[in-house]
Structures are given as C-alpha cells and as structure tokens.
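First comes the structure, then the notes that go with it.
The values are calculated or read from the model by the stated rules, or taken from the named source; none is laboratory data. Computed from a prediction, not measured in an experiment: that's the story for all the values here. Neighbour counts are summed over all protein chains in view; Cβ atoms, including those assigned to glycine, are modelled from backbone coordinates with ideal geometry.
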C-alpha cells in the first residue's frame with residue numbers, strides 16, 4: 001500500500017450496507033483499446049467490465065436505486081437462493097438471478113417488468129407466510145429488509161390461513177454472550193452461515209433439518225466463537241440475529257448516523273456512529289474495500305462504551321490538598337503554567353492515539369508556549385508494541401496487534417518512542433485519548449494528564465502526584481486524521497457533539513497561549 | 001411380438017427371473033457379459049461416445065437428456081489454474097427416491113454387472129479413471145450386493161489397473177447417502193458426495209465443468225448405464241430401432257397402485273398407458289380414475305387421457321412427463337385430494353429449504369390440503385392453489401418446486417369437483433371417509 005493514499009471517511013453514496021458501491025466504468029480512450037461490452041438494462045445501455053454480474057452493472061450505474069436481495073452480500077460467495085433479485089433476460093426462458101448471472105454483451109435485461117414484479121411479490125408472500133408480523137416489538141423494525149421490500153414489492157395482504165411455524169426453543173436463543181437468535185423471524189438467506197464459513201472461516205453456524213423447519217444452530221456447544229459476531233447482526237436482513245449490546249436500547253429511526261473511524265486498533269476501520277441526542281448507541285462498519293471491507297471486529301464495535309463510560313473525565317480537574325477537584329480550564333492552565341515554569345525539566349509524552357494534527361501541534365507549538373525546552377516522545381503502551389515495526393495481523397481478517405490507531409502517523413512527525421518506556425523528568429505531561437497505554441512512572445512523579453481519561457485510570461496513579469487533568473475530545477468527537485497500519489491516511493469529522501467540558505487540543509493550546 | 005414392435009427385445013431384464021442372475025459367473029456365461037467392454041476398450045473414446053449418441057439413449061433419471069451428448073460435454077484435457085491435469089469423475093446416480101419408482105433397485109439386485117460394465121465403458125468414453133456410485137441411504141442391502149459385485153469385478157480384472165490389458169484404469173467406489181430425496185438432483189448429489197448438505201448448486205457452472213470435488217464430472221442414472229453394454233455389444237442401430245424417432249431403446253416402467261400385477265416391466269416406448277395397465281394385469285378393484293405416469297413429480301392424467309404413448313415427447317405434449325418411469329395407477333376408490341396430500345406431505349418434508357418459494361410454498365400447499373381434508377377449506381383456497389403453484393414453478397434453483405406443483409396443479413385442474421365436494425361437505429368426514437382422516441390428523445405434521 002503506498003504511503004500517499006489519503007481519503008476522507010464518508011458515507012457510501014448508496015445508502016446500503018450491502019451494496020458493492022461499484023463505480024461506472026470509464027472507457028479507455030486510446031484508439032487501439034477494445035470496446036467494452038454493453039448491456040441494456042431497462043431501456044438504457046451501459047458499459048461493463050467482463051465478469052460483472054447483472055446486479056453489479058446495475059449498481060455501477062444506480063439503475064433504480066437497487067435490485068432487492070436477501071441472500072446476496074458483496075463480501076461473501078453468491079448463493080442465489082432467496083430468488084428476490086430475479087430479473088427478466090430477453091431470450092432466457094426463465095427469470096434469472098441478477099446476483100449470479102454474468103452480464104453478456106448485447107444482453108437485454110428488464111429489472112421491473114410485470115413478470116419480475118409478480119415473482120418478487122410471490123417471494124415476499126412466501127417469506128411472510130411464516131414470519132411473525134410483530135414489527136412493533138421487533139428490534140430490527142425500521143432497518144429491516146423484509147419491511148422495506150414488502151413496502152415496495154409485497155402483496156399487502158396474505159392468504160396464508162394456516163398456523164405459523166414456531167421454533168419454540170429458539171425464540172430468544174443466546175448464540176453467544178453478544179448475539180441473540182430469534183429463529184421465528186429468520187428468512188433463511190444463510191448470509192450468517194456463509195459468513196462464518198467463508199469470511200471468518202470459523203464454521204460456527206450451520207443449518208440443521210430440511211425445508212420449512214430448517215433451523216440455524218451453532219456447530220458446537222460453545223456457540224459463536226469468532227471475533228466478528230457483530231457483523232452477523234449487521235447483515236441479517238431481519239430481526240433474527242440481534243446484537244445484545246444494542247437490542248431494545250433504541251428504535252432505529254431515532255438514530256442519527258455519521259461516519260467516523262474506529263480507534264480500537266491500527267487498522268482504522270471505517271464506521272458509522274449511531275447516536276441520539278449525542279449519546280452513542282452503536283458502531284456499525286462502513287464499506288471501504290481498501291481498509292476493512294464490509295466488516296469490523298467486536299472489540300471495536302463495543303469500544304463506544306469506553307466513550308460513554310460515566311467515569312470518563314469531561315471537565316478540567318485540578319489538584320488541591322491531595323485531591324482532584326473540578327475547576328475552570330483557565331484556572332487550571334494558569335496554575336499549571338506556574339508549576340511548569342518552575343520545573344527543572346519538562347517532558348511531553350504523546351500517545352499513539354493522538355491524531356496526526358494533534359501530534360504536530362503539540363510537538364511544534366507547545367514548547368514555545370512554555371518558553372522552555374520540552375523533550376517530546378511518543379508512547380504506544382500495547383503489550384509488545386513499541387513502534388509500528390512491532391505491529392502485525394492477529395487473524396486472517398482485520399484485527400491488529402497494535403491497539404492504538406495512529407502509531408504511523410505520530411512517527412511521521414519525527415517523534416521517537418519513549419526511551420525504556422519510562423519517564424524521567426520533573427514534570428511529565430501525558431497526552432492520550434483513551435487507547436494508548438500509560439507510561440511507567442516512579443513514585444512521587446509529578447504528572448499532568450491531557451486528553452481522554454477516566455477516573456479508574458487516574459486511580460492507578462495514586463503513588464504519583466497528578467497536578468491536573470485537561471479533558472480532551474475522543475476520536476469520534478473531533479476532526480483529524482489517522483495513518484493506519486497499511487500507511488493509508490484517513491480523515492474524519494466529528495460524528496457527535498461533545499456535551500461535556502472537554503475541549504480539542506487546538507482550543508486548549510490557543511487558550512494557553514492567550515494566558516501567557 | 002407381444003408388444004406390437006418387431007424390433008423389441010428386453011435389454012436389461014432378459015434374465016432377471018433366473019436363479020443366480022446377480023452373480024458374475026452367470027453374467028459372463030449366460031449374458032455374454034463384459035464382452036461389450038472388451039469391444040469398447042478397443043475403440044477410441046470418441047467412437048464410443050458417437051455410438052451412444054447414435055443409439056438415441058436418453059437419460060433414464062427423469063429429465064431425459066441425451067446421454068451421448070452429455071458425455072461429449074466433458075472437457076478432453078482439463079487443467080487447473082497451474083496447468084496441472086485435473087481428474088474427471090463418473091458418477092452413478094442411484095439415489096432412486098421418486099415415489100412410485102423402483103426400477104433401479106431391480107438392476108442393483110438382479111443384474112448389477114450390467115451397470116458396472118456400463119460404467120467402465122462410460123469411464124473409457126469420457127476419459128475418467130474413477131467412478132462413484134451414489135446410493136440412497138435406505139439401500140443397505142442393495143449397497144452390500146453392489147459392493148459384492150464390484151469386488152467380483154475387481155477379482156476378474158474388469159476393474160482396477162490395466163483392464164483387460166488395454167492400459168485403461170478404472171476404480172469404482174460406492175457411497176451411501178443420508179436419505180434425502182433431493183440428493184437425486186445431480187448437483188445436490190455431488191454436494192452430498194462431498195459430505196456437504198445435500199442442496200442443489202447454482203448453475204452454471206455445470207457438473208461437466210465443476211462437478212464432484214470441483215472436478216469435471218458426469219452424472220448418469222443406473223438404468224442409463226445398464227443400457228450401455230447392449231448398445232456396444234449389439235450396435236446402436238438395433239437399440240435405436242426399438243424406440244421412437246427421438247429416444248432409443250426400451251424403458252423400465254415400475255407399475256404400482258391399483259393393478260393386478262404391480263412390478264417392473266421392460267417395455268418399448270410406443271405403448272400407451274392403457275396398454276401398459278393391461279400388461280400389468282388390468283385395474284384392480286374398480287374403474288381407472290387417474291394415473292401418474294412418471295413418478296410423483298409428473299402431473300397426473302385422468303382415465304380419459306390414458307391412451308397417450310409413453311415416450312418422452314408424447315407425454316410432454318400431454319402436459320406431463322416420462323420422468324423416472326414410475327407409473328402409479330389409481331382406481332375410483334381413491335380420493336384425489338387425499339392422494340395428492342400424501343404426495344405434498346412428502347414434498348414438504350423433502351424440500352431442501354434453500355429457495356424461498358420452494359421452502360415456504362411446499363409447506364403452505366401441504367397445510368392447505370390438510371385443512372381442506374379436515375373441512376376447513378373455502379372456495380378461495382381452491383383458486384389460490386393455482387396462484388401458489390404459479391409463484392413456485394420455474395422460479396427456483398432446481399426443479400423441485402416444479403415437482404411439487406406437478407401433482408398439486410394437475411389435481412385441482414382435473415379433479416376440481418372433488419375439492420369442491422370436500423369444501424362444501426366439510427372435509428373427508430362429510431363424505432364418509434373418517435377412516436382415512438383419523439391417522440392423518442395426529443402427527444400429520446412434523
């Protein structure tokens with residue numbers, strides 16, 4: 001991966017977790033280039049790359065927003081079983097599944113002919129026969145593909161007069177501590193089975209029995225064991241698999257959705273922060289083929305809990321009579337300035353979870369504010385990781401060893417790692433955003449904490465003297481960029497507005513400057 | 001001759017009534033066994049394929065696809081991504097599960113060497129050195145008999161290395177399925193053979209490109225293989241002449257139901273259904289009411305339609321199919337709704353559950369028929385049956401959904417009055433058939 005790749009994290013243009021986000025094909029302008037094959041979809045002719053399926057061509061050019069699908073997922077092998085994406089291909093005797101049929105030169109496709117719509121209505125009716133129509137109490141309501149497609153294609157009423165299928169033992173079945181299964185809602189798309197077979201390769205899930213009483217079960221008694229269980233609940237088109245952490249916490253239509261980046265490891269998975277009234281309810285991954293594909297790991301997904309932790313310090317704290325007390329930032333900075341000026345030596349340790357901009361600001365501007373020499377170094381703190389050279393893949397998908405997001409970006413500023421992992425100055429300022437570790441400090445060391453801290457972490461510093469805590473913004477609350485383990489620079493904007501008393505590093509530095 | 005066809009002679013069943021006919025000694029001494037293999041091994045593979053092509057042999061498993069053409073689809077020298085040669089596999093589909101069909105079992109128990117010889121010839125023709133016989137899970141006895149036959153063939157040098165000094169190697173392995181009807185579908189069979197769930201694969205790629213274990217494979221029915229030695233031995237002309245213009249040879253027809261002599265009959269294809277019923281001893285205990293001509297999936301015919309000929313094309317023209325040759329005869333004591341429900345219950349149980357329409361539709365139809373039989377049916381239900389069937393047929397990966405709609409749709413079309421009677425009189429009870437209803441109510445559904 002080249003070091004120059006730089007892009008901004010934003011919502012995919014197609015507002016779908018399950019779209020391939022294919023871009024239109026650009027023709028090669030050189031005269032000797034072979035003409036690209038063309039396919040006609042709903043009356044318009046489009047160029048495509050050989051090997052594209054009909055669905056991929058339609059996605060490239062946003063024909064009709066999308067072709068409905070249940071079993072198809074761009075990150076998994078094609079199954080072609082839900083039969084929802086069928087389209088009419090001229091000269092073909094039967095309807096073809098657009099997910100699996102390769103486009104051919106001269107092919108004429110109708111994605112919304114009467115025959116197609118009739119078939120889709122049929123599929124919807126069949127899927128709803130055994131589906132409990134209890135959307136008001138279903139956690140998936142509002143983001144359920146069965147609901148969405150039923151509005152668009154469904155028959156509206158059903159003639160199914162028989163008793164519905166009920167899986168009594170699997171109405172709320174824990175597949176693991178994190179995922180709950182309600183088999184009654186399942187539409188048997190088997191995305192989950194293919195995910196554990198082909199993406200995580202853990203073979204956790206399997207369908208047992210045949211036909212209409214086909215049931216999803218874990219292959220072993222341990223249940224789900226992979227580290228990407230949250231993804232199952234993202235792409236489950238219905239409320240069959242739900243994420244316990246989010247289940248029944250919030251109706252999906254109240255959530256405001258903003259793109260950001262996960263800072264749980266050096267991969268930098270693209271995420272969408274789902275919040276209401278600036279309270280985060282969950283992270284879901286955004287598709288980015290260069291970084292995380294369609295997925296994100298469970299520890300990253302749960303990491304919003306650290307941010308919403310009530311123990312997090314969100315206002316400036318100052319040491320007074322051996323206790324930390326809430327104060328104004330002005331008072332705190334004034335006091336700290338005096339202490340720093342009198343100190344024999346000052347050291348600044350930047351955690352590798354600082355953004356590139358923060359690292360540059362602290363390294364270049366901060367010493368001049370104090371008007372004295374400050375030794376600057378960075379500290380990672382992940383066990384076994386000192387610099388980005390120690391980073392390595394922890395599995396076949398996304399997880400990295402380095403649990404901080406920006407080691408490469410901080411190194412890029414010419415800052416070197418903290419020697420021996422220990423501080424040695426009279427006063428040390430530790431700037432970190434909740435992900436980097438806390439460097440080792442001798443008893444009685446005077447320390448200023450800056451960034452995202454919580455009281456539990458501060459308690460571990462009881463043998464040191466904490467002079468003050470400057471509350472900072474967390475990754476999803478601020479603007480900046482990270483350079484991930486592959487050297488890709490990703491810019492991000494605030495996904496939520498911080499409601500406490502924490503300020504960005506820029507604001508703090510400016511205020512400090514104005515005080516002196 | 002008795003069947004009004006001067007060219008006819010039994011191809012498969014000539015000696016099946018003689019004691020010891022399943023042994024290799026009998027096959028070699030009385031049936032001129034393994035002589036066709038000797039002949040075929042001296043021919044070039046392409047010549048063997050050509051011979052079979054010209055014989056007009058069509059697949060006996062149900063779809064009736066020309067066998068010679070299927071063999072010619074096999075790639076000559078397949079290579080993998082690195083340019084290494086890939087093996088080709090020959091698979092025998094012995095997952096005879098179609099309700100009403102029991103012809104392959106006859107071959108397994110009475111003349112297994114005919115099929116083995118056919119497979120070795122087939123292996124030579126398509127250039128395969130390994131054959132699998134996929135046997136349905138319930139055939140314990142039959143699989144033992146087949147294993148014995150294979151062992152005997154190895155002992156005599158018809159299987160193994162350098163067969164009859166020709167330099168051609170062929171190994172044969174039997175594999176017992178787990179008892180799913182859908183594994184009779186060739187790609188579901190391949191999945192099951194590989195140890196996966198028996199679910200049909202999405203096509204393309206077809207088995208000739210990506211088959212068993214990802215290698216080019218050819219899947220044929222037991223009866224198809226059993227006909228091959230005759231074609232090679234006596235020549236394609238003789239075989240082709242026995243049949244009609246577009247399908248050569250004889251067919252094994254398993255006649256069951258209300259006939260006096262239910263059995264497997266080897267017959268020419270120019271006979272009508274009525275003639276076959278006559279050969280099977282005539283209708284038992286009443287008048288003919290309906291016939292299912294090709295295994296449970298074939299749409300049923302009324303008594304009035306039974307003068308149709310039983311070759312592939314005539315039956316297709318009559319809106320049904322030759323299928324796997326299971327002829328089910330029903331007399332007028334049968335309630336068609338009840339009979340259809342029995343089949344639908346089978347299909348509901350056997351749908352693999354991949355495709356939405358088939359999984360939910362087969363279940364819905366069975367439940368609806370059950371309700372009608374129990375007196376809960378309405379006129380709208382009767383109209384809705386056709387609509388459900390219309391949403392199922394031709395919409396799924398394999399032909400299972402079409403198979404479900406075969407009996408359901410033909411019964412409501414051809415015997416609507418019986419449905420209406422049940423609706424109006426309150427089910428089977430209302431027409432005095434409580435006897436048959438009682439056992440269906442308890443445990444009717446899994």
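Among the residues of region A:28-62, what is the count of those that are touching a helix residue (DSSP H, G or I) at 6+ places or on another chain (Cβ under 9 Å) and under 17 Å from residue A:100 (Cα atoms)?
5
Filter region B:310-337 for residues that are outside any loop (DSSP other than H, G, I, E, B) and surrounded by fewer than 18 Cβ atoms within 10 Å (Cβ to Cβ) and give the result.
B:313, B:314, B:316, B:317, B:331
Considering only residues that are crowded, with 20+ Cβ neighbours inside 10 Å, under 25 Å from the mean Cα position of the chain (by Cα) and outside any loop (DSSP other than H, G, I, E, B), which ones fall in region A:57-97?
A:59
From A:371, A:351, A:409, which residue is surrounded by fewer than 24 Cβ atoms within 10 Å (Cβ to Cβ) and in contact (Cβ under 8 Å) with a residue 24 or more places away in the chain?
Going through A:371, A:351, A:409 in turn, just one is surrounded by fewer than 24 Cβ atoms within 10 Å (Cβ to Cβ) and in contact (Cβ under 8 Å) with a residue 24 or more places away in the chain: A:371.
Can you name the residue in region B:191-224 that is part of a loop (DSSP other than H, G, I, E, B) and in contact with a strand residue (DSSP E or B) (Cβ under 6 Å, 6 or more places away or on another chain) and, of all such residues, is surrounded by the fewest Cβ atoms within 10 Å (Cβ to Cβ)?
Looking at residues that are part of a loop (DSSP other than H, G, I, E, B) and in contact with a strand residue (DSSP E or B) (Cβ under 6 Å, 6 or more places away or on another chain), I get B:215.
Taking region A:87-103 only, how many residues are in contact with a strand residue (DSSP E or B) (Cβ under 7 Å, 6 or more places away or on another chain) and more than 7 Å from every other protein chain (Cβ to nearest Cβ)?
Going through region A:87-103 one residue at a time, the tally reaches 11.
Restricting to region B:347-375, name every residue that is in contact with a helix residue (DSSP H, G or I) (Cβ under 6 Å, 6 or more places away or on another chain) and within 11 Å of residue A:82 (Cα to Cα).
Across region B:347-375, the qualifying residues are B:353, B:356, B:357, B:358, B:359.
Filter region A:190-224 down to the residues that are without any contact (Cβ under 8 Å) to a residue 24 or more places away in the chain and at the interface with another protein chain (Cβ under 9 Å from one of its Cβ atoms) and list them by number.
A:206, A:207, A:209, A:210, A:211, listed by residue number.
Of all residues being more than 10 Å from chain A (Cβ to nearest Cβ) and without any contact (Cβ under 8 Å) to a residue 40 or more places away in the chain in region B:374-392, which is nearest to the chain's Cα centre (by Cα)? Just the residue, please.
B:389
What is the one condition in (1) in the same structural domain as residue A:218 (by TED's automatic domain parsing); (2) crowded, with 16+ Cβ neighbours inside 10 Å; (3) in contact with a helix residue (DSSP H, G or I) (Cβ under 7 Å, 6 or more places away or on another chain) that residue A:145 does not satisfy?
(3)
If you go through region A:183-204 one residue at a time, how many are in contact with a helix residue (DSSP H, G or I) (Cβ under 7 Å, 6 or more places away or on another chain) and within 22 Å of residue A:145 (Cα to Cα)?
6
Residue-by-condition table, conditions (1) within 20 Å of residue A:406 (Cβ to Cβ); (2) assigned by TED's automatic domain parsing to the domain that holds residue A:233; (3) over 32 Å from the mean Cα position of the chain (by Cα); (4) part of a loop (DSSP other than H, G, I, E, B):
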{"residue": "A:291", "(1), (2), (3), (4)": "yes, no, no, yes"}
{"residue": "A:300", "(1), (2), (3), (4)": "yes, no, no, no"}
{"residue": "A:309", "(1), (2), (3), (4)": "no, no, no, yes"}
{"residue": "A:324", "(1), (2), (3), (4)": "no, no, yes, no"}
{"residue": "A:335", "(1), (2), (3), (4)": "no, no, yes, no"}
{"residue": "A:338", "(1), (2), (3), (4)": "no, no, yes, no"}
{"residue": "A:341", "(1), (2), (3), (4)": "no, no, yes, no"}
{"residue": "A:344", "(1), (2), (3), (4)": "no, no, yes, yes"}
{"residue": "A:353", "(1), (2), (3), (4)": "yes, no, no, yes"}
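Among the residues of region B:358-372, which ones are surrounded by fewer than 24 Cβ atoms within 10 Å (Cβ to Cβ) and at the interface with chain A (Cβ under 7 Å from one of its Cβ atoms)?
Once the filter is applied, which keeps residues that are surrounded by fewer than 24 Cβ atoms within 10 Å (Cβ to Cβ) and at the interface with chain A (Cβ under 7 Å from one of its Cβ atoms), region B:358-372 yields B:367, B:371.
Here are some residues: A:465, A:475. Which one is under 22 Å from residue A:325 (Cβ atoms), out of contact with any helix residue (DSSP H, G or I) (no Cβ under 8 Å at 6 or more places or on another chain) and at pLDDT 90 or above?
Result of the check over A:465, A:475: A:465.
Out of the residues in region A:264-286 that are part of a loop (DSSP other than H, G, I, E, B) and surrounded by fewer than 21 Cβ atoms within 10 Å (Cβ to Cβ), which is nearest to the chain's Cα centre (by Cα)?
Looking at the filtered set, the residue picked out is A:278.
Quick check on residue B:302: is it at pLDDT 95 or above, more than 14 Å from chain A (Cβ to nearest Cβ), more than 30 Å from residue A:184 (Cα to Cα) and touching a strand residue (DSSP E or B) at 6+ places or on another chain (Cβ under 8 Å)?
When the stated conditions are applied, residue B:302 passes them.
Quick test of your reading of the structure: residue A:49 fulfils all but one of (1) over 22 Å from residue A:189 (Cα atoms); (2) buried (at least 20 other Cβ atoms within 10 Å of the Cβ). Name the failing condition by number.
(2)
How about region B:85-158: which helices (runs of 4 or more DSSP H) wholly inside it have at least 2 residues that are surrounded by fewer than 18 Cβ atoms within 10 Å (Cβ to Cβ) and in contact (Cβ under 8 Å) with a residue 24 or more places away in the chain?
Fully inside region B:85-158 and qualifying: B:140-155.
Has region B:277-299 got at least one residue that is within 14 Å of another protein chain (Cβ to nearest Cβ) and either in contact (Cβ under 8 Å) with a residue 40 or more places away in the chain or surrounded by fewer than 24 Cβ atoms within 10 Å (Cβ to Cβ) (or both)?
No, there is no match, as no residue in region B:277-299 is within 14 Å of another protein chain (Cβ to nearest Cβ) and either in contact (Cβ under 8 Å) with a residue 40 or more places away in the chain or surrounded by fewer than 24 Cβ atoms within 10 Å (Cβ to Cβ) (or both).
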